[in-house]
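Peer 1: One structure coming up, written as structure tokens, with questions to follow.
The numbers here are math on the coordinates, done by the rules we state, and not lab data. Treat the numbers as computed from the prediction; the structure is a model and nothing was measured. Every residue, glycine as well, gets a Cβ built from its backbone with ideal geometry; the counts of neighbours run over all protein chains shown.
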Amino acid sequence: MLLANMRYGRLVLLSAALALPVGASASGCPGADSAALNWLDKMSRSLYQVSYHGVVTLQRGDDMQVMQVSHAVDGENSSARLTQLTGQGAQVERRDHPLHCVHPGHKLLQLGKDLHAGNCGIANYYRFSVAEGERIAGRKAVRILIQPRDMYRYGYVMELDRETGLLLKTQTVGRGDKVLEKFQFASLSYAPEQSSATQVNVVHQAQHPHPGAANSPVLVATRWEVSWLPHGFMSTDSAAGGTARRTYTDGLAVFSVFLEELGREIRPGEGVVRSGGTTSYTRGMDLSGQPVLITVIGEVPINTARMVADSVAWAQ
Amino acid sequence: MSEKMRESLSALLDNEANEMELQRVLKQVEGDEELRLTWARYNMARDALSGHQLSSLNVDISARVRDAIAAQGATDAVGLRQRLLRPVASLAVAASVAATVVIGGQQLAQIGSDPYGQGAQTVAASASPVGLVNSLGATTVQASYGNQSVPVLQPATHTAYRELARQRMQKYMQEHAEHAALNSPQGLIPFARVAEIRE
């Protein structure tokens, strides 16, 4: 009831504001919590600019993985490493990532001056608010509540280090406030990492979309396009062209679309597999006479994946 | 207009209405000119404040939503009372109908305009698949969030597609993680979602 009254109060203000000239009220971002958005900005920068190492857990349903993460800044570059302590025991490394290289997903989180200029960016698609955080890995945290404004994305509860802004915990929240996935630091140190005795089975160098990158993308014969995206999602690729994959982000969620041209007809249909916050949706269909298999993988609801797959078309 | 009705209306506007509130508004809106005008005014106020272009398109789709609900009630042969006893299903129905109201309205209004002013970044914010899917009523969305797929498939195909989706997830998850790791706030953590990391 209290909530409803507050909401009603806000509407009275809204209605009253309509009496003002539209130009005066159109700037600024109503409902955008600037404190929360400043934290988001800080979080996005701290991920690359702060040196740290620690142990992280990732929970999905009954499954829990434990891993070591480390991040070191050396001059103009940063290096990151993730080592699985459970399961496969793989290690992923990213060496010499330039600090000035900010990818689209992070640009979307760094609103800064745009917000004052009336460009609400990500605040158009999520409601943000700040709350008292808990203690995580021995650090005092501030809690950022992130609710989607439409049904095409999940919500998040994030806890950031009060001093550094580093993301210490994320809960991905699906429909009905169900927690789909939980990632959190179990221990954290901002000191240089000591050498560890971890036994590693596989080492993978994380890719970076640079000109002359070692991995050449898979190509498809015909140019294709995704003709519908939920509002606020943008391409992470500079030039999509004839590649078999497209990736999109709204700053918090990421999904990729893969297209395979099939050599023979396929019985139309669809299949879904979910794991934690990840949805993998595969659709077989006939696209203007060409049988194709479209797969949408990402941290979005099934409905979003289905609608994106629906909208795939050959480029004109 | 009663206080309760204002609250329901405002909840609906925020996409937070429960089924009772939705029913209350839809029942009332038919014969209540003041309620219809208030709804339109709230929407305009919100659009204006959130920096969207004011839409001159005045579309009242409440009748269509009401019909869709009635049609669904008839085909399901399940009354409101029974649906309320199944909270999960009824929530999904309420939410998807509320979404129909909001999305349907927004998308009709979007034809020929770009309310977010970011047409260059977001690909084609047109009405295309959304309007079609959601204007059919509650079934599509409800099913999407459940465990069963919407197009009813032959059992063999259904199983085959589930297996196909599983294989594709395995095949593509790492490539997705490469890009998620660069464009989401958790750093390299997306790689932890990959079942088996390849060199």
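Peer 1: For A:271-281, what's the mean count of beta carbons from other chains sitting within 10 Å of each residue's beta carbon? Don't jump to the answer; show the numbers that get you there.
Peer 2: On the way: counts 15, 9, 9, 3, 5, 2, 1, 8, 2, 11, 5.
So the per-residue partner count for this stretch is 6.
Peer 1: Could you list which residues have their amide H under 5 Å from that of A:Val312, counting only those 5 or more apart in sequence or on another chain, with H placed in the peptide plane?
Peer 2: Sorted by chain and number, the residues that satisfy this are A:Ser227.
Peer 1: Connecting C-alpha atoms closer than 10 Å in a GNM of chain A, tell me which of A:Ala253, A:Ala131, A:Ala36 has the biggest fluctuation.
Peer 2: Residue with maximal mean-square fluctuation among A:Ala253, A:Ala131, A:Ala36: A:Ala131.
Peer 1: Hey, another quick one. Using the Karplus curve 6.51 cos²θ - 1.76 cosθ + 1.60 with θ = phi - 60°, work out ³J(HN,Hα) for each residue of the stretch A:169-179 in order, rounded to whole Hz, and write x for Gly and Pro.
Peer 2: Working through the residues one at a time gives 7, 10, 10, 8, 10, x, 4, x, 6, 7, 7 Hz.
Peer 1: In whole angstrom, how far apart do the alpha carbon centroids of the stretch A:257-316 and the stretch A:78-99 sit?
Peer 2: For the stretch A:257-316 versus the stretch A:78-99, the Cα centre distance is 30 Å.
Peer 1: Say we join alpha carbon atoms closer than 10 Å with springs in a Gaussian network model of chain A; which of A:Thr83, A:Thr304, A:Thr222 then has the biggest fluctuation?
Peer 2: A:Thr222
Peer 1: When the helices in chain A are scored as -39500 (n - 2.57) per DSSP H run of 4 or longer and the sum is shared across all residues, what 222 nm value do you end up with, to the nearest 500 deg cm²/dmol? Kindly include the intermediate steps, with their values, before the conclusion.
Peer 2: On the way: 6 runs with 57 residues, N = 316.
Estimated from H runs of four or more residues: -5000 deg cm²/dmol.
Peer 1: Enter the mean number of other protein chain beta carbons within 10 Å of the beta carbon of each residue in A:88-95, as an integer.
Peer 2: Details: counts 4, 1, 7, 3, 11, 1, 6, 0.
Other-chain Cβ atoms within 10 Å of each residue's Cβ, averaged: 4.
Peer 1: Still on this model: Checking the table A:Lys107/A:Lys169; A:Lys42/A:Lys178; A:Lys140/A:Lys178; A:Lys169/B:Lys4 against a 29 Å threshold on Cα-Cα, which pairs fail? Could you put the intermediate results ahead of the total?
Peer 2: Values: A:Lys107/A:Lys169 21 Å; A:Lys42/A:Lys178 27 Å; A:Lys140/A:Lys178 25 Å; A:Lys169/B:Lys4 39 Å.
Among A:Lys107/A:Lys169; A:Lys42/A:Lys178; A:Lys140/A:Lys178; A:Lys169/B:Lys4, the Cα-Cα distance tops 29 Å for A:Lys169/B:Lys4.
Peer 1: Also: What number in nm² do you get for chain A if you take the convex hull of its Cα atoms and divide its surface by four?
Peer 2: Mean projected area of the Cα convex hull: 20.7 nm².
Peer 1: Over 5 Å intervals from 0, what percent of Cα-Cα pairs in the stretch A:224-314 sits in each interval?
Peer 2: 3, 14, 27, 26, 18, 9, 3, 0
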